[in-house]
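Asks: Encoded as structure tokens, here's the structure I'll be asking about.
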Amino acid sequence: MIKTTNTSPRQAQASGAVLAAESIPQKQELDVMVHARNVVKTYRTGDITVEALRGVDLDIRSGEFVVIMGPSGHGKSTLLNCLSGIDSIDSGTVRIDGQQIHELKDRARTAHRAKRMGFVFQSFNLIPVLSAAENVELPLLAAGAKPAVARERAAALLARVGLSQRGQHRPAELSGGEQQRVAIARSLVTDPAVVWADEPTGNLDSATAASVLDLFRAVNAGGQTFVIVTHDPEIGANADRMIEVHDGLIRQHEPSRPQDGVAQATSLPIQDGMAY
């Protein structure tokens, strides 16, 4: 005998709604690419102790273009290095695309950075004896990609940054702006979850810096997440969000660029160490 249960339409609708809600991840969890809580980093030299980061909390959403600014020596680069896993932290948690990176062993953390993160530095960090194409394809080869696949991907990215005719040139044969474009192509070659850039226009003249900023924004328009440490006010003015670091704390959060036609606040004080 089959046992039946009388269920009202309202109960059935409510039950269906519960099942639907359970099957859909929360939007906030889907949107957050970088999730940091109570991050502490201290440097000790002899009797001197420097609290570089003092309990920083920060969320960065997928597809954001976030700029970190502040006085020299107040923790900007330390924050980027700790969020990306280049440096260890004393306490706290950092999740990148859901992975808690500081729980990984050194080798696993390095592998995760290589596969899921891109980096752009002020000094370009290109290998002098390799061509532009070889520099770009190197992260893919290190991650185990086949040479033919890596070369094809590198060629596509060099074309994307406007250097399709310069792939066989070594860094010494390229201008500063061209070298930085190669570095940007390299940072994108593994299709990273986030690109970290530390003073990417610091060694460039103003016109070249503007062209690099235009390239960043064009790539970001396709959904790529960027986190950039800079002193350049032009980059700050074009950010989705500006975060100021002062004495190891996040002092303010300044959305500076209008999105979707909605005006944003130019200055918004927040709790020390907290930004969303």
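Each row is one residue, and each column tells you yes or no for (1) more than 22 Å from residue 187 (Cβ to Cβ); (2) of a type in the set (A, V, I, L, M, F, W, C); (3) at pLDDT below 90.
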{"residue": "57", "(1), (2), (3)": "yes, no, no"}
{"residue": "63", "(1), (2), (3)": "no, no, no"}
{"residue": "73", "(1), (2), (3)": "yes, no, yes"}
{"residue": "79", "(1), (2), (3)": "no, yes, no"}
{"residue": "87", "(1), (2), (3)": "no, no, no"}
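Asks: Just wondering, is there one or more residues in the stretch 103-122 that are open to solvent by less than 30 Å² (accessible area, probe 1.4 Å) and assigned to a loop (DSSP other than H, G, I, E, B)?
Replies: Scanning the stretch 103-122 turns up no residue that is open to solvent by less than 30 Å² (accessible area, probe 1.4 Å) and assigned to a loop (DSSP other than H, G, I, E, B).
Asks: Could you tell me whether the stretch 136-145 includes any residue that is open to solvent by 40 Å² or more (accessible area, probe 1.4 Å) and acidic (Asp, Glu)? Can you show your working first?
Replies: To start, the set of residues in the stretch 136-145 that are open to solvent by 40 Å² or more (accessible area, probe 1.4 Å) comprises 138, 141-144.
Subset that is acidic (Asp, Glu): none.
Looking for residues that are open to solvent by 40 Å² or more (accessible area, probe 1.4 Å) and acidic (Asp, Glu), one finds none in the stretch 136-145, hence no.
Asks: Tell me whether the stretch 52-66 contains one or more residues that are buried (at least 21 other Cβ atoms within 10 Å of the Cβ), more than 20 Å from residue 32 (Cβ to Cβ) and small (Gly, Ala, Ser).
Replies: Yes, some residue in the stretch 52-66 is buried (at least 21 other Cβ atoms within 10 Å of the Cβ), more than 20 Å from residue 32 (Cβ to Cβ) and small (Gly, Ala, Ser).
Asks: OK, next. Of all residues being in a loop (DSSP other than H, G, I, E, B) and closer than 12 Å to residue 215 by Cα in the stretch 153-169, which is nearest to the chain's Cα centre (by Cα)? Just the residue, please.
Replies: Quick first cut of the stretch 153-169, residues in a loop (DSSP other than H, G, I, E, B) only: 161-169.
Applying the additional criterion that residues be closer than 12 Å to residue 215 by Cα yields 161-162.
Working: 161: 19, 162: 22 Å.
It comes out as 161.
Asks: Report yes if some residue within the stretch 244-255 is in a loop (DSSP other than H, G, I, E, B), at pLDDT below 90 and under 16 Å from the mean Cα position of the chain (by Cα); otherwise report no.
Replies: no
Asks: For the stretch 195-210, enumerate the residues that are small (Gly, Ala, Ser), part of a loop (DSSP other than H, G, I, E, B) and open to solvent by 50 Å² or more (accessible area, probe 1.4 Å). I'd like the intermediate steps shown before the answer.
Replies: Taking the stretch 195-210 as the starting set, the residues that turn out to be small (Gly, Ala, Ser) are 197, 202, 206-207, 209-210.
This time we only want the ones that are part of a loop (DSSP other than H, G, I, E, B), so: 202.
Correct list: empty.
The values are calculated or read from the model by the stated rules, or taken from the named source; none is laboratory data. As the structure is a prediction and not an experimental result, all values here were calculated from the model. Backbone-built Cβ (ideal geometry, glycine too); neighbour counts: all protein chains shown. Surface accessibility is based on the protein's heavy atoms, side chains included, excluding ligands, DNA and RNA. Shrake-Rupley method; radii C 1.70, N 1.55, O 1.52, S 1.80 Å.
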